[in-house]
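Structure first, commentary second.
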Amino acid sequence: IKEGGALPPPSGVCAAGAAAKPDGARRRWLRVVPLLALAAGAAVAAVGYGASVGSDVKLHIGKPFVMGIIALFDLKVDQITLRDTKKWPDPKVNLVAFDLLMDVHMDLLFFGAQATLGSAEFNLAFGGERFGTLHSLPCPLGGGGKIKTKIAGTLVVDDLAVFRKVARAVVTEDELHVELYTILAVELRGADHGICRTDVQTCKTKGTLRIPDVPFAKSVVLRGARSFGIEFRDMLVLDQNSTEPAGDALITIDVRVNNPSSFVMRDLGAVQVDVYTDKSGCARKEFKGPREGKSAAKECLQRLATHDTDARPTPEHSLGVKFAEVQTETDFWLARSPDNDWFRVKGKLAVPPREHDLVSTADVFNHFLTSRDTPLIARVAAVPSHPFYEAAATGLALRVGLPGMGPGDHDIIQKVYIDLNIPVATVTLLNPFNGGSLEQYMHIALRNPLDAELYVHGLAARILYNDVHVGTVSLPELNEHEAIVLPPSATFVTARQYPVLLHAANVADLLKLLKQISPPPVGEGSAMINLDARIAARVGGVEPTLVYRQSNVTCLLESSLLGVKLHENFVAEESGNDSSSDYLEEGASS
């Protein structure tokens with residue numbers, strides 16, 4: 001069939017690929033047309049069409065035949081790999097570009113010859129809005145049938161507003177549709193240029209034929225990342241050189257990004273991320289205590305991870321207080337995998353010095369120290385390594401949960417040693433004119449559960465014994481001589497005494513406490529108390545007020561300090577922390 005010599009196809013054949021899908025009967029008829037053309041061509045070859053050429057029968061396949069195949073074949077995108085481009089563009093040009101490689105599956109009718117899609121400029125659109133051009137290289141199609149091939153080229157974005165819509169759909173949706181349209185050329189090659197896959201007669205054809213002006217229009221389905229499913233773990237705050245106690249510190253967080261999308265993102269480089277608190281339904285009002293708080297946080301995160309967009313606030317509208325600024329390593333890239341490896345981001349705590357912001361930041365530390373998950377939002381601040389990712393990702397916000405510290409005792413106050421004479425105190429409490437209260441002093445055994453220096457400059461606490469209020473510590477502000485500097489992971493007893501007020505609504509409750517801390521055989525020598533504490537602290541240059549219960553704090557008499565090393569300057573010795581702990585145990589047993 002010579003080009004231009006075939007009967008015109010039924011109305012709408014070429015437009016079908018670019019516009020609405022035809023109904024079932026019409027689609028079957030459209031698929032029959034190229035088959036009829038192919039059968040006719042094979043028949044002509046069999047009866048010796050072109051005998052003047054002899055054995056060198058030339059390839060003559062009409063444009064309608066090729067157009068029908070191109071219009072009707074199925075295209076499935078398996079993976080898209082993005083790489084930095086070194087040849088585009090001029091920095092002065094307001095365009096962004098990236099090299100792109102698509103792994104695709106195609107299901108075509110047989111051409112009767114080897115075929116190649118010529119290089120072309122594909123117009124790309126999303127939701128009916130054009131956003132760029134794919135400058136593609138030639139793509140081999142083989143002889144047709146079910147094939148796996150690659151489409152390579154350079155993606156140039158010229159409408160950043162629409163491109164950002166595409167980027168957000170890639171990040172948040174399950175799938176998205178992108179439209180491709182171009183006019184290209186198809187090159188067909190005979191047996192002397194490749195293996196023919198139809199009958200013997202057709203395979204006698206030789207030579208090449210280039211068919212220009214073939215419309216190509218497809219809507220491809222791409223898998224989205226479903227918000228990537230970002231995971232945090234193992235947050236560390238590490239000291240850096242600072243001129244003040246508990247000054248600037250380095251924060252590190254281990255991160256894993258699950259990427260179920262169609263995209264492999266190479267050459268991302270150092271991605272800068274701001275970490276915010278979440279002011280949506282996962283705020284601290286849902287976490288009323290350590291027990292219910294941990295499950296409440298997880299349930300809240302699971303609820304917000306659902307894909308019912310009408311039932312949840314967007315992360316962009318849930319940004320609370322900036323908590324930290326971190327970034328990836330310079331060689332960072334993102335594989336396409338539901339289970340990527342963990343990597344580490346580093347940065348610093350970055351909290352504005354406003355009371356409201358410090359309260360929100362304190363919630364993060366409170367949850368962390370009490371082994372509760374904290375809902376956070378990670379927002380991409382910049383991708384300075386390349387304008388393509390910069391345009392696509394800047395401003396994207398994703399929810400993530402920060403796990404608390406692992407199981408164990410993470411209380412700061414470990415023991416209290418009260419300077420008390422039991423017989424005198426008992427008589428005082430029984431005196432009806434005394435009011436049932438005692439003003440005493442105590443030493444405090446402290447432990448720093450963090451890996452960074454902790455500076456305590458205020459302390460207030462309600463003392464509970466058998467869940468009954470029996471005393472108060474009120475030190476709202478400690479001066480520079482009274483403040484306590486706790487080195488990383490240190491444990492020690494303060495040499496300075498701090499005031500404590502023992503009082504109870506029922507004096508009998510306080511007398512029970514005094515009896516239990518009395519030395520044997522009168523009492524047990526110690527008692528367990530709880531402290532509902534507010535600890536004004538500084539860590540990493542940030543000053544949160546840590547509000548959480550100090551559970552099972554050991555209460556002893558000051559006489560138990562015999563043999564315990566006291567730290568006059570509130571700095572643990574360089575020999576380590578275990579020695580201080582050993583002294584405490586010896587003193588307690590004495």
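For region 401-497, chymotrypsin sites (Phe, Trp or Tyr not before Pro) meeting the loop criterion (DSSP other than H, G, I, E, B) and having at most 12 other Cβ atoms within 10 Å: 433.
Working note: Karplus 6.51/-1.76/1.60 with θ = phi - 60° gives region 425-437 the couplings 5, 5, 4, 4, 5, 7, 6, x, 8, 7, x, x, 9 Hz, where Gly and Pro are set to x. Among the listed pairs 348/415; 146/218; 165/348; 150/346; 63/165, a Cα-Cα separation exceeding 28 Å is found for 348/415; 165/348; 150/346; 63/165. Considering only 377, 393, 483, and ranking their Cα positions along the charge dipole of region 348-506 that arises from unit charges at the beta-carbon of Lys, Arg, Asp and Glu, the one farthest toward the positive end is 393.
If you take all other residues with their beta carbon under 13 Å from the beta carbon of residue 420, and give Lys and Arg +1 and Asp and Glu -1, the sum is -2.
Dipole check for region 392-542: with +1 at the C-beta of Lys and Arg, -1 at the C-beta of Asp and Glu, and the Cα centre as origin, the magnitude is about 180 Debye.
Residue-normalised convex hull volume from the C-alpha trace of region 406-547: 126 Å³ per residue. With K and R counted +1 and D and E -1, the other residues having a Cβ less than 11 Å from that of residue 451 yield a net charge of -3. With a 1.4 Å probe and every protein chain kept in, tell me what percent of the accessible surface of region 358-443 is carbon plus sulfur. About 60 percent, which is the carbon plus sulfur part of the accessible surface.
Charged neighbours of residue 531, selected by a Cβ distance under 13 Å, balance to +1 (K, R count +1; D, E count -1).
The values are calculated or read from the model by the stated rules, or taken from the named source; none is laboratory data. The shown structure was predicted, so the numbers you read here are calculated from the model rather than taken from an experiment. Using ideal geometry, Cβ is built from the backbone for each residue, glycine included, and neighbour counts are taken over all protein chains shown. Heads up: the accessible areas ignore ligands, DNA and RNA and are worked out on the full protein's heavy atoms, side chains in. Shrake-Rupley method; radii C 1.70, N 1.55, O 1.52, S 1.80 Å.
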